């Protein structure tokens, strides 16, 4: 572009989410979506929503939803924040909490949106290498920094850490805010929500997109001290007064209220994940122990990118990252048992086609 | 707050939207909401939405909605952007287009969110005084600046400018981006959308919250050259991949498709506005010529703040701004004829109670 105003324009490199397709016949294992629909109570809440009232603005704080979440987690309502997906919640948290000249720290292998927000908001950052088994070393996070963001379980590895690890990080970072991104925690990880009343430097972020089958509804949440949450609300109110629409608020409340459905769905995904992981290992893959709704796998003698492309040709979408250290790995979302069987059959055919050469 | 991490926290002064109330009996004329429900086609789209599919992410660009808007306005789909309400669209536009050391310009009497975004994103700004009749002087916008944002019609005055005025501003600012915020344009203002193919420095922002009765659904849009829109999309994808949920996309498309309902609703609001303005003038108020769904009025011998508070006691909510130059004015949203009659009766009683003292 060579326009008189070119110097005022922002050139940025966005995060690339898992590909969407208009083709309904694909087996979509590339965006960590839940293969099961949301709770029937959610569906009822949407169909029964008084749409005539949409002429009015929603509650700016999505009050009913913060209240439902507070009750669910045994917190005070002023310890809860909701936003337009956990991506928005994290973006606003950067603006609210990462305001230092020192770099924020996060792992080199992690959610690839973290550095994108740093560049968007001019937040300096430094990545810390995970070890060869993709394990985070908490000591890497002891030195002076402007804040810490860690996903637990980590993505795209699925590896989860426990309370001792999280407290170690929190104890060694009392002078900054530590954000624990628990997008996948419901699939068997350790949640730091219980630490909120113990650590005033902790923010926990969760999402309705994975375990609650509501990726299409855009709901994320943050939990922290009333002080930190009030700052996050103030920043949100400097960006957009009403990020959650009224239908989403009603859907979110219905989801939180149907705990039996929620737990049942999670258990189905976990059972499928464990079986699928075993079968994949049986085919010679290295599969990291996952506490999420995906597995991260590699077979040293098989080119991951070629396998990814071959799967796509058969309408099976998985995720491949062309990034240092993980460019021979695949991230495979856990779908239904039927979907995973189709994928396993594809892999078997693919591997025998290789050995047959 | 006196915590070890206090220096990393952001203290901000947010925009304050018109008060919401849990009381259903109030007459709500304080947030420029539409008193009529959205189109029956919108309501059908929500009730008929396949909520089972909410386990999947929405289209990141809300493609179906950008396509509907492109067709509606005779533009190419890549000249259209949608976001979570026009507030988010403007916030992202600041990040995409206002990146200069020079201040951006906007009127001193205008939408009070403009300086809030400047402070959030560290964008320098300078306000330009409107004249004593609240008219914007285009010459004030000729000098060197980092960008211009103007609402047309202006808020909270409701005053609208025509094509000559807009082209004057655009011609004198070819080296920056000019954002025309048309939140209220459908109620009789001049839309600069027809200028998009003529001026590559123009961004027009609109919203579904007022004329389309969808404040509760959070949909805003930007129109501009394919080049500018692609930059705006890239910035959006650095903040949040999916700001519009799947139900909102379906509702938005249904709204755009039902043009007869849209025009009928607008005409009802305009007829009520004209009658209400006349009656208010008859009671001795100065009422500015409005091309929006509100009027801005003042009666020099009546204290606006006291009237605002007295109305609130009778469950009639209007808007009062305790700001320089406009602290004896009231902004009154146009409701139904019945609502405006109740308000007029209140005013008559209030005025006679004053003269009776």
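Things worth noting here:
- The residue list A:296, A:308 contains one member that is assigned to a helix (DSSP H, G or I), under 22 Å from the mean Cα position of the chain (by Cα) and farther than 29 Å from residue A:44 by Cβ, which is A:308.
- Test result for residue B:192, in the same structural domain as residue B:163 (by TED's automatic domain parsing) and surrounded by fewer than 22 Cβ atoms within 10 Å (Cβ to Cβ): no
Every residue, every condition in (1) touching a helix residue (DSSP H, G or I) at 6+ places or on another chain (Cβ under 6 Å); (2) surrounded by 15 or more Cβ atoms within 10 Å (Cβ to Cβ); (3) more than 10 Å from chain B (Cβ to nearest Cβ), yes or no:
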residue: A:4; (1), (2), (3): no, no, no
residue: A:33; (1), (2), (3): yes, yes, no
residue: A:38; (1), (2), (3): yes, yes, no
residue: A:48; (1), (2), (3): no, no, no
residue: A:56; (1), (2), (3): yes, yes, no
residue: A:74; (1), (2), (3): no, no, yes
residue: A:83; (1), (2), (3): yes, yes, no
residue: A:88; (1), (2), (3): no, yes, no
residue: A:91; (1), (2), (3): yes, yes, no
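- When residues in segment B:311-323 are screened for being outside any strand (DSSP E or B) and more than 19 Å from the chain's Cα centre (by Cα), 6 of them pass.
- Applying the criterion of being touching a residue at least 60 places away in the same chain (Cβ under 8 Å) and over 21 Å from the mean Cα position of the chain (by Cα) to the residues of segment A:17-31, the residue that is surrounded by the fewest Cβ atoms within 10 Å (Cβ to Cβ) is A:25.
- Residue match in segment B:146-161 (condition: farther than 21 Å from residue B:184 by Cβ and surrounded by fewer than 19 Cβ atoms within 10 Å (Cβ to Cβ)): no
- Any hit, segment B:192-204, residues being at pLDDT 95 or above, more than 14 Å from every other protein chain (Cβ to nearest Cβ) and assigned to a strand (DSSP E or B): yes
- When segment B:93-119 is filtered for residues that are facing chain A (nearest Cβ under 9 Å), buried (at least 22 other Cβ atoms within 10 Å of the Cβ) and either touching a residue at least 40 places away in the same chain (Cβ under 8 Å) or more than 19 Å from the chain's Cα centre (by Cα) (or both), the ones remaining, listed by number, are B:95, B:96, B:97, B:98, B:113.
- Under the condition of being in contact (Cβ under 8 Å) with a residue 40 or more places away in the chain and touching a helix residue (DSSP H, G or I) at 6+ places or on another chain (Cβ under 8 Å), the residues counted in segment A:120-142 number 1.
- On the stretch given as segment B:6-16, residues that are surrounded by 17 or more Cβ atoms within 10 Å (Cβ to Cβ) and under 30 Å from residue B:311 (Cβ atoms) total 2.
- Within segment A:300-309, being buried (at least 16 other Cβ atoms within 10 Å of the Cβ), touching a helix residue (DSSP H, G or I) at 6+ places or on another chain (Cβ under 9 Å) and farther than 17 Å from residue A:340 by Cβ holds for one residue alone: A:302.
- Listed by position, the helices (runs of 4 or more DSSP H) inside segment B:213-289 whose residues that are over 23 Å from residue B:151 (Cα atoms) and more than 10 Å from every other protein chain (Cβ to nearest Cβ) number at least 3 are B:246-257, B:259-282.
- Residues being in a loop (DSSP other than H, G, I, E, B) and more than 7 Å from chain A (Cβ to nearest Cβ) - total across segment B:6-31: 13
- Checking residue B:210 against (1) touching a helix residue (DSSP H, G or I) at 6+ places or on another chain (Cβ under 6 Å); (2) in a loop (DSSP other than H, G, I, E, B); (3) surrounded by 24 or more Cβ atoms within 10 Å (Cβ to Cβ), the condition it does not meet: (1)
- Of all residues in segment A:168-191, those satisfying the criterion of being without any contact (Cβ under 8 Å) to a residue 60 or more places away in the chain and in a strand (DSSP E or B) are A:178, A:180.
- Residue B:176 satisfies every condition listed in (1) modelled with pLDDT of 95 or more; (2) closer than 22 Å to residue B:189 by Cβ except (2).
- Residue A:161 fulfils the conditions (1) away from chain B (no Cβ under 14 Å); (2) free of Cβ contacts under 8 Å to residues at least 60 places away in the same chain; (3) farther than 19 Å from residue A:194 by Cβ; (4) not in a helix (DSSP H, G or I) except for a single criterion, (3).
- Test: residue in segment B:277-290 that is touching a helix residue (DSSP H, G or I) at 6+ places or on another chain (Cβ under 8 Å), free of Cβ contacts under 8 Å to residues at least 40 places away in the same chain and crowded, with 20+ Cβ neighbours inside 10 Å: yes
The values are calculated or read from the model by the stated rules, or taken from the named source; none is laboratory data. Since the structure is predicted, the reported quantities are computational estimates derived from the model, not experimental observations. Quick reminder, even Gly has a Cβ in these numbers, built from the backbone with ideal geometry, and neighbours come from all protein chains shown.
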